[in-house]
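Engineer: Below is a structure I'd like to ask you about.
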Amino acid sequence: MTELAPLPITSAARLLVLTGAGISAESGIATFRGSDGLWNGEDPAQVASRQGFRTDPTRAWRFYADLRRQALAARPNAAHRALAEAGRKLGPRMLLVTQNIDGLHTRAGSDPLEIHGSLFRTRCLGCARPAFPDKRTAIKAALACERCGGLLRPDVVWFGEELDPAHLRAIKDFIRHARHDRALLAFLAIGTSGAVWPANHFATWVREAHGVTWLANLEPPENAADFNWAFYGLATVSVPILLAGANGTPSLA
Ligand code: BV8
Ligand code: ZN
């Protein structure tokens, strides 16, 4: 483990950040694979898959309604805020990508690529209406589309579903442009178990582009070998310190 200190985020650096459920844990939202994990008590195939949704849409909607309640009751924490500040300081030299669907990065002031979708958007399986904002939590049964009567579903990416190609293109373009500009390309993964593809491959893409890979997590992830340096500890402690190079000395608030 490496001593916690500000990362060398120089003015020429390009910083790609990936977050997972661990960054929201201290905001009170259960992670997926931790002991209090979200999947505990629910089979992912039953609630986070197209098949599971088709089989029992009411069960899936109750799961996501409960997640919405948790996310709405949660507040962004110091790690979310430090990333939002780094985003303001670095501008286009930083790209924040999240696997999370809880909306906390956005509420902290970031504009993340939500590659697994959003809890707070719903789309229709019956018509071509665009995905629309939806914060309903009092959901007792599967939701029907007001326009066509078709089945509504959360606008999230389930296992076996493709990610938005535009998201993957934006990530690959960010890496390619950094290389083209001969900038220091750095990747920081925060609070993710490295269990899910393709997000668990971003570190490899950066290394193939001769970038440096950093990890801030509670424990070694499945793809620990992909990181040049690993900082183990709570995200609300490590992330503000690691980003001090961009943000200046972290306030202890
Ligand atoms: C796709 C939905 C093409 C919304 C999610 C066989 C082998 C390899 C891959 C596959 C395979 N079979 C299928 C695949 C592909 C599959 C995949 O990767 N499966 C895995 C499970 C084996 N991927 C897909 O299907 C993707 N699509 O590949 O399309 C395709 C098509 C067909 C067939 C094949 C390929 C779609 C992936 C998206 C799935 N949807 N969620 C929702 O309900 O959320 S994934 C789900 O896991 C969540 O989105 C979550 O974000 C994501 C990743 O989990 P983490 O965020 O990492 O959270 P986790 O709990 O695991 O870890 C938390 C970490 O935080 C821990 O390490 C912990 O130590 C740390 N931590 C905790 N507290 C703190 C902390 N760190 C710091 N501070 C703290 N306080
Ligand atoms: Zn419809």
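None of the figures in this text is laboratory data; all of them are computed from the coordinates on show. Given the structure is predicted, the values throughout are model-derived calculations rather than measurements. Every residue, glycine among them, receives a Cβ derived from its backbone with ideal geometry; neighbour counts consider all protein chains shown.
Engineer: If a residue has to be within 12 Å of residue 4 (Cα to Cα) and touching a Ser or Thr at 6+ places or on another chain (Cβ under 9 Å) to count, how many in region 218-238 make the cut?
Structural biologist: Looking only at that region, the number is 5.
Engineer: Given the conditions (1) in contact with a strand residue (DSSP E or B) (Cβ under 8 Å, 6 or more places away or on another chain); (2) acidic (Asp, Glu); (3) surrounded by fewer than 18 Cβ atoms within 10 Å (Cβ to Cβ), and given that residue 56 satisfies all but one, which numbered condition is not satisfied?
Structural biologist: (1)
Engineer: Could you list all residues from region 115-167 that are farther than 14 Å from residue 57 by Cβ, more than 11 Å from ligand 2 (Cβ to nearest atom) and part of a strand (DSSP E or B)?
Structural biologist: If the condition is that a residue be farther than 14 Å from residue 57 by Cβ, more than 11 Å from ligand 2 (Cβ to nearest atom) and part of a strand (DSSP E or B), then 117, 118, 119, 120, 121, 133, 155, 159 are the ones that fit.
Engineer: Give me a count of the residues in region 150-166 that are among the aliphatic types (A, V, I, L, M) and more than 16 Å from ligand 1 (Cβ to nearest atom).
Structural biologist: Selection size over region 150-166: 1.
Engineer: Has region 234-245 got at least one residue that is crowded, with 17+ Cβ neighbours inside 10 Å, free of Cβ contacts under 8 Å to residues at least 40 places away in the same chain and over 28 Å from residue 70 (Cβ atoms)?
Structural biologist: no
Engineer: Which condition from (1) among the charged types (D, E, K, R); (2) more than 26 Å from residue 92 (Cβ to Cβ); (3) within 15 Å of ligand 1 (Cβ to nearest atom) is the one that residue 121 breaks?
Structural biologist: Every listed condition holds for residue 121 apart from (2).
Engineer: Identify the residue in region 213-233 that is surrounded by fewer than 21 Cβ atoms within 10 Å (Cβ to Cβ) and among the aliphatic types (A, V, I, L, M) and, among all such residues, is farthest from residue 76 (Cα to Cα).
Structural biologist: 225
Engineer: Given the options 147, 176, 169, 182, name the one that is free of Cβ contacts under 8 Å to residues at least 12 places away in the same chain and either surrounded by 13 or more Cβ atoms within 10 Å (Cβ to Cβ) or more than 16 Å from ligand 1 (Cβ to nearest atom) (or both).
Structural biologist: Checking each option against the conditions leaves just 182.
Engineer: Could I ask something else about it? I need the full set of residues from region 150-166 which are under 30 Å from residue 97 (Cα atoms) and free of Cβ contacts under 8 Å to residues at least 40 places away in the same chain, in order please. Full working, then the answer.
Structural biologist: If we filter region 150-166 for residues that are under 30 Å from residue 97 (Cα atoms), which is where we start, we get 151-166.
Answer for region 150-166, where residues must be under 30 Å from residue 97 (Cα atoms) and free of Cβ contacts under 8 Å to residues at least 40 places away in the same chain: 152, 155, 162, 165, 166.
Engineer: On to the next question. Which number in (1) outside any helix (DSSP H, G or I); (2) within 28 Å of residue 238 (Cα to Cα); (3) out of contact with any Pro (no Cβ under 9 Å at 6 or more places or on another chain) marks the one condition that residue 100 misses?
Structural biologist: (3) is the only condition that residue 100 fails.
Engineer: For residue 206, all conditions in the list (1) away from ligand 2 (no atom under 16 Å from the Cβ); (2) closer than 30 Å to residue 131 by Cα; (3) of a type in the set (A, V, I, L, M) hold save one; what is the number of the exception?
Structural biologist: (2)
Engineer: Right, something else. Only one of these is under 14 Å from the mean Cα position of the chain (by Cα) and more than 16 Å from ligand 1 (Cβ to nearest atom): 129, 107. Name it.
Structural biologist: 107
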